[in-house]
Amino acid sequence: MMESPEPSRIGDRSTSDVVVRLRTHEGRDDWFYCHSLILIEKSKYFADRLSEDWPTCQILDSRNCVEVYCEESDFDHHVNFLRLLYVVIDGSLEDIWHGVKNALGILRVAVELECAQIVSACANYLEAMPWEEAEEDEILKIIPGMGSKAQPILARVQPVNPTAVLRIFLSAIKFATSSPPSAMNDLKTSAQEQLEYMLTEDDDAPLLTADQEVKFEVKECVKRLFTRFTNMLEALLCGPVESAYEKGKMQSFQSYLSDLSWAFQILNKLEIMKEFVNSWVGASDKIVLVVEQASSVAEIIETKSKVIEVAAKVLEAIGYGNVILPTAKRLHMVKVWLPFVRITKPLIDSATTNSKDAPELKIDGELWQSLESTFVSMVLTLPSEDQAEILTEWLGNENIHYPDFTEAFEVWCYRSKVAKRRLADMLGNHGMANSIL
């Protein structure tokens, strides 16, 4: 019985009948002793070059020669490609690719030299492998121009059906507003960040269209979150003062405040803040009472800072007319939050972040400045008698430096001084108009 012939090996001069001359424009010139049978079988490019129809035939070392030019950066990928022509690629040798970057380089060569088997095997490998961010960017540059056989690689980065986007958004908003146990805080925070990203217009359009269904579901989720927050306020006010400020309860209270601060940003993006603002207005007295009953320990300072963050958002929406409220409610908000902010700011400012008992406080100067401007704007929308009462109290307060109502005082003085003249002018103009008519 005759033994089967030993399989051909790249570089075996004794059996080689063709030289692949791999060259670069930088002067690199390497010879690879190959076998025409394998080249023709595996690669249409080599099949064409070695056919009788090819117009010219080079001879090198008494063998047919095929010259292939490539960039220096792709040289090793061409070498690996030639070696893979001699490998039985059946899916059992996944380590032959040596990573995503190398496989991508080989894929480029396989497409260029028309080897369908290596293109398919390489595409299957890249489709199944996880990608680093830099690798993904490279894939998105290269794959789209490689034809239909390479397209499955891009399946994971294709645009998603809007229905699927909506489903994941609704699922995420329910989880993000569900007040899960503290052990799941990292997951909740991640969900909140991604929801905000989905709705943000940056270099790309928002991932989700905020239609009425989306707005309704968001409002319902936030309403349930606020209801749980209100229930906690009631429990803290009804229970013994000492137990109300146990560490676990205060952490839970802070978590609610963080969630409400985030929820307001989402509502603001969707322009559906009114219900939240009205709920906060209704709960303001209780919120201030809960916080002010506590002693000024480090954890309570952190709680106050979180309260300030949410209150500042709500007050800004009211102060600049994004949410329209009647005079009585605007006056109520000023009377509740002005004293709270006035007392809390020095307390937070005096707390050092490196102190053993002080938390890391994130309220910066911009928030305080914005809050001051908001109060000035709100005060100036009130009836002049209410403005006079607020300014009188401000001028006699020991914390007169914040918020600084100098601008409001100047406007009030001007309006008050010219009020009679303005009124007379208006009445005169009105009478003149009536006589003409």
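Could you tell me whether THR15 is under 13 Å from TYR86 (Cβ atoms), at pLDDT 85 or above and either within 52 Å of the chain's Cα centre (by Cα) or of a type in the set (Ser, Thr, Tyr) (or both)?
Spelling it out, THR15 is indeed under 13 Å from TYR86 (Cβ atoms), at pLDDT 85 or above and either within 52 Å of the chain's Cα centre (by Cα) or of a type in the set (Ser, Thr, Tyr) (or both).
Take the stretch 130-140 and flag every residue that is in contact (Cβ under 8 Å) with a residue 12 or more places away in the chain, in a helix (DSSP H, G or I) and exposed (fewer than 15 other Cβ atoms within 10 Å of the Cβ).
Correct list: GLU136, LEU140.
Do you know which residues across the stretch 374-426 are of a type in the set (Ser, Thr, Tyr) and in contact (Cβ under 8 Å) with a residue 40 or more places away in the chain? Lay out the reasoning, then the answer.
Of all residues in the stretch 374-426, those of a type in the set (Ser, Thr, Tyr) come to 374, 377, 381, 384, 392, 402, 406, 414, 416.
Selection gives THR374, SER377, THR381, TYR402.
Picking from ALA176, ALA172, which residue would you name as being touching a Lys or Arg at 6+ places or on another chain (Cβ under 8 Å), modelled with pLDDT of 85 or more and under 30 Å from ARG228 (Cβ atoms)?
Every option except ALA176 fails the conditions.
One line per residue, one yes/no per condition, for (1) more than 17 Å from PHE375 (Cβ to Cβ); (2) surrounded by fewer than 18 Cβ atoms within 10 Å (Cβ to Cβ):
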residue	(1), (2)
LEU267	yes, no
VAL288	no, no
LEU315	no, no
TYR320	no, yes
ALA328	yes, yes
MET333	no, no
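Could you check the stretch 168-210 and list, in sequence order, the residues that are open to solvent by 70 Å² or more (accessible area, probe 1.4 Å) and within 19 Å of PHE264 (Cα to Cα)?
SER171, LYS174, GLU193, GLN194, TYR197, GLU201, THR209
Can you tell which of GLU372, GLU360 is modelled with pLDDT of 90 or more and open to solvent by 20 Å² or more (accessible area, probe 1.4 Å)?
Only one candidate qualifies: GLU372.
Out of the residues in the stretch 51-74 meeting the condition of being modelled with pLDDT of 90 or more and either in a strand (DSSP E or B) or touching a Leu at 6+ places or on another chain (Cβ under 7 Å) (or both), tell me which one is farthest from TYR33 (Cα to Cα).
Filtering the stretch 51-74 for residues that are modelled with pLDDT of 90 or more and either in a strand (DSSP E or B) or touching a Leu at 6+ places or on another chain (Cβ under 7 Å) (or both), the one farthest from TYR33 (Cα to Cα) comes out as CYS70.
Go through the stretch 368-407 and give me each residue that's hydrophobic (A, V, I, L, M, F, W, C) and within 15 Å of PHE340 (Cα to Cα).
Residues satisfying the conditions are TRP368, LEU371, PHE375, ILE390, TRP394, ILE400.
Taking the stretch 141-167 on its own, how many of its residues are open to solvent by 70 Å² or more (accessible area, probe 1.4 Å) and within 21 Å of the chain's Cα centre (by Cα)?
Final tally of qualifying residues: 8.
Considering only the stretch 103-129, how many residues are in contact (Cβ under 8 Å) with a residue 24 or more places away in the chain and open to solvent by 30 Å² or more (accessible area, probe 1.4 Å)? Full working, then the answer.
Kept after step one, since they are in contact (Cβ under 8 Å) with a residue 24 or more places away in the chain, are these residues of the stretch 103-129: 103-127, 129.
From what is left, the residues that are open to solvent by 30 Å² or more (accessible area, probe 1.4 Å) are 108, 111-112, 114, 116-117, 120, 124, 127, 129.
Number satisfying all stated conditions: 10.
The values are calculated or read from the model by the stated rules, or taken from the named source; none is laboratory data. Since this is a predicted model, take the numbers as computed values, not measurements. Please note: Cβ atoms are built from the backbone with ideal geometry, for glycine as well, and neighbour counts cover all protein chains shown. Remember, those area values only see protein heavy atoms, side chains included, never the ligands or the DNA or RNA. Shrake-Rupley method; radii C 1.70, N 1.55, O 1.52, S 1.80 Å.
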